[in-house]
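The structure appears right after this line, and notes come after that.
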Amino acid sequence: LHKEYRRQRQMCIRDRLNSDTNRVYTVMHKSLKCDADEAKQWIKDRSAKLTFEAKEEKLMSFEWYLNNDETEATLIESFEDSDGLKQRFENLMAGPIVPEWSERFELKYMMVFGNVKKDVIELLSPFGATFHTFAGGFNHR
């Protein structure tokens, strides 16, 4: 019985290893155009708050980071799938945040990871996004 259990467990692990998922991740790196304290306050009071309140079902995480000297910011988002990213982008463009964002940050680059549908590639390509497809690995969650 123990030998059979171990064999089934190994097969299960093997099935998850290098299994592609529908998850999509974005990394947007920006330089600050404003004071770091103003940027941090805006991130908490406006960007994170409005995104949280949008209650987008397929948005899994939305996290801002500042570098050590607080001159650059990185936003990392994760989505259940490509449709979640599309919804986030459409909500962003329809809301009040874009002009506020433009006053505080300059986009340096945007990277998108995962299997992204053609319509999302067409939406984000004008912003200089680069797209990276899954090659291998695993995720425990």
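The values are calculated or read from the model by the stated rules, or taken from the named source; none is laboratory data. Because the structure is a prediction, the values reported are computed rather than measured. When we count neighbours, we look across all protein chains shown, and the Cβ atoms used for this are built from the backbone with ideal geometry, even at glycine. Note: areas computed on protein heavy atoms with side chains; ligands, DNA, RNA excluded. Shrake-Rupley method; radii C 1.70, N 1.55, O 1.52, S 1.80 Å.
Some points to look at:
- Magnitude of the charge dipole for the range 17-123, about its Cα centre and with charges confined to Cβ atoms of Lys, Arg (+1) and Asp, Glu (-1), is about 160 debye.
- Accessible area, probe 1.4 Å, largest first, for residues His140, His29: His140, His29
- Projecting the Cα atoms of Thr51, Val120, Thr133 onto the charge dipole of the chain, computed from C-beta unit charges around the Cα centre, puts Thr133 farthest toward the positive end.
- Spin-label model, Asp119/Ala54: points 7 Å from Cα along the beta carbon direction are separated by 1.6 nm.
- Inter-centroid distance (Cα atoms) of the range 37-76 relative to the range 91-107, Å: 12 Å
- Local electrostatic count, Leu123, Cβ distance below 9 Å [Lys/Arg +1, Asp/Glu -1]: -2
- In Hz, Karplus ³J(HN,Hα) per residue of the range 94-102 (6.51, -1.76, 1.60; θ = phi - 60°; x = Gly, Pro): 8, x, x, 6, 4, x, 5, 4, 4
- Folded to 0 to 90 degrees: helix 2-16 orientation relative to the chain principal axis, Cα: 30 degrees
- The candidate values were (1) 16.0, 51; (2) 19.2, 69; (3) 18.4, 65; the one computed from these coordinates for Rg and Dmax of the Cα atoms in Å carries the label (3).
- Per residue, the chain reaches -11000 deg cm²/dmol at 222 nm when only DSSP H runs of four or more residues are counted, each adding -39500 (n - 2.57).
- Contact order relative to length of the range 9-141, as percent, for alpha carbon pairs under 8 angstrom and 6 or more apart: 37 percent
- Above-threshold pairs, the threshold being 22 Å between Cα atoms, out of Lys58/Lys118; Lys58/Lys117; Lys86/Lys118; Lys33/Lys108; Lys40/Lys108; Lys55/Lys118: Lys55/Lys118
- Protein accessible area in the range 17-108, 1.4 Å probe - carbon and sulfur %: 49 percent
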